[in-house]
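The values are calculated or read from the model by the stated rules, or taken from the named source; none is laboratory data. The structure presented is a predicted model; accordingly, all values stated were derived computationally and were not measured. Every residue, glycine as well, gets a Cβ built from its backbone with ideal geometry; the counts of neighbours run over all protein chains shown. With ligands, DNA and RNA removed, areas are computed over all heavy atoms of the protein, side chains included. Shrake-Rupley method; radii C 1.70, N 1.55, O 1.52, S 1.80 Å.
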Amino acid sequence: MKEFLVRVLVEPKPELFDPQGQAVERAMLELGLKNVSGTRVGKLIKFKLKAVSAQQARERVSEIAQKFLANPVIEQYSIEMEEL
Amino acid sequence: MRAAVVVFPGSNCDHDTYYVLKDLIGIETDLLWYRETNLNRYDLIVLPGGFSYGDYLRAGAIARFAPAVQALPEYIERSRGIVLGICNGFQILTEAGLLPGALTKNISQRFICKTVKLRVENNATPLTHLFGYGEIIELPIAHGEGRYIAPPEILEKLKRNRQILLTYFGENPNGSVENIAGIMNEDGTVFGLMPHPERNSERIFGTGDGLKIFQGLVQEVLV
């Protein structure tokens, strides 16, 4: 068995208005960060997972992300994995 | 007739809903712990408002895997009775895929707690048949994640099938698409409302409009 550090990044779908992202962007501009745009606020879910291969780990993570970690009506996700 | 109000860790409108069904309307009602899976003895199942599992991840995202919710699809498929989700209960039903669309953060980014005006868009349903078509009623809302979202093809279907029951009237408090405040499934057996009828079921709390929603459901089941 190998062990992987998994990061699932969940963010609002691009077509969805993200009030949190807008509020954060306005604040960043007010704090002097120039030329900022397209701010989106999402979630990071980080965990360790044991699996026989990277492929198997990725499949299992995709499955749980689709079923549970992200809501496909309003969110999209991406997966980052590194072997420990 | 027998009703159940499902109690999740973090439910907080369960006792109010129980009070309306049991004491105001007078039907046999149980508070049903979320680990129960035997739903077949009930004619009406209410998923109450609150903050199940602290709204962690997304409102309703964890409760949808609770044993009582996992038992709902079979209950619905067999047309055993009616399911009503109020506020967090509505969020659980959309997360579970038992109602279309999703509920996400209010446009204002704030938790909103106030009485709103609602328009009855379809009064030929078990939930709304005691109101007139187009009637304006008042119910309280209390939510941070009540903005109803659905893709255009789903919205089209909701309109075509007259599945939109209540819309916000006068002002849209949370940014919901098409001002949607309450919907039902295609078969008219599963209902979801963001407003809280149990919080306006007696005249001392306002117009008492909420009672008619519960009375409507009970009458429908008794027929």
Residues that are in contact with a Lys or Arg (Cβ under 9 Å, 6 or more places away or on another chain) and at the interface with chain B (Cβ under 9 Å from one of its Cβ atoms), drawn from segment A:18-28
A:D18, A:P19, A:Q20
Quickly run through segment A:38-73 and pick out the residues that are of a type in the set (G, A, S) and touching a strand residue (DSSP E or B) at 6+ places or on another chain (Cβ under 8 Å).
A:G42, A:A51, A:S53, A:A54, A:A57, A:S62, A:A65, A:A70
Only residues that are surrounded by fewer than 15 Cβ atoms within 10 Å (Cβ to Cβ), under 17 Å from the mean Cα position of the chain (by Cα) and of a type in the set (D, E): list them for segment A:1-32, please.
A:E15
Would you confirm, using the coordinates I've provided, whether A:I79 is within 13 Å of chain B (Cβ to nearest Cβ) and either under 22 Å from B:V177 (Cα atoms) or at pLDDT 95 or above (or both)?
no
Picking from B:G50, B:G85, the residue that is open to solvent by less than 20 Å² (accessible area, probe 1.4 Å) and at positive phi would be B:G50
With the condition kept exactly as written, say whether any residue in segment B:109-130 is within 26 Å of A:A70 (Cβ to Cβ), touching a helix residue (DSSP H, G or I) at 6+ places or on another chain (Cβ under 6 Å), at pLDDT below 95 and open to solvent by 50 Å² or more (accessible area, probe 1.4 Å).
yes
Scan (1) in contact with a Gly (Cβ under 7 Å, 6 or more places away or on another chain); (2) not in a loop (DSSP other than H, G, I, E, B) for the single condition B:P126 breaks and write down its number.
(2)
Which of the residues spanning segment B:129-138 are within 18 Å of the chain's Cα centre (by Cα), assigned to a loop (DSSP other than H, G, I, E, B) and of a type outside the set (A, V, I, L, M, F, W, C)?
B:H129
Which ones in segment A:1-31 are in a strand (DSSP E or B), farther than 19 Å from B:R147 by Cα and of a type outside the set (F, W, Y)?
A:K2, A:E3, A:L5, A:V6, A:R7, A:V8, A:L9
Would you check which residues across segment B:181-223 are among the charged types (D, E, K, R), out of contact with any strand residue (DSSP E or B) (no Cβ under 9 Å at 6 or more places or on another chain) and over 28 Å from B:A71 (Cα atoms) and list them?
B:E202, B:R203
Based on what the data block shows, is B:A102 at pLDDT 95 or above and open to solvent by 10 Å² or more (accessible area, probe 1.4 Å)?
no
Restricted to segment A:38-59, and to residues that are part of a strand (DSSP E or B) and within 14 Å of chain B (Cβ to nearest Cβ), which residue is most open to solvent (accessible area, probe 1.4 Å)?
A:K46
I'd like the full set of residues that are within 17 Å of B:R147 (Cβ to Cβ) and aliphatic (A, V, I, L, M), limited to segment B:58-85.
B:A59, B:A61
Can you tell me which residue in segment B:106-138 is nearest to the other protein chains (Cβ to nearest Cβ), limited to those that are out of contact with any strand residue (DSSP E or B) (no Cβ under 8 Å at 6 or more places or on another chain) and of a type in the set (A, V, I, L, M)?
B:A124
The condition from (1) closer than 30 Å to B:L99 by Cα; (2) of a type in the set (S, T, N, Q); (3) open to solvent by 70 Å² or more (accessible area, probe 1.4 Å) that A:N35 misses is numbered (1)
Taking segment B:187-217 on its own, how many of its residues are surrounded by fewer than 20 Cβ atoms within 10 Å (Cβ to Cβ), under 15 Å from the mean Cα position of the chain (by Cα) and closer than 24 Å to B:P100 by Cα?
3
Identify, please: which residue in segment B:139-174 is open to solvent by less than 30 Å² (accessible area, probe 1.4 Å), within 14 Å of chain A (Cβ to nearest Cβ) and not in a strand (DSSP E or B) and is, among those, nearest to B:L103 (Cα to Cα)?
B:G146
Within segment B:52-69, does at least one residue satisfy the condition of being out of contact with any Lys or Arg (no Cβ under 9 Å at 6 or more places or on another chain) and within 20 Å of B:T125 (Cα to Cα)?
no
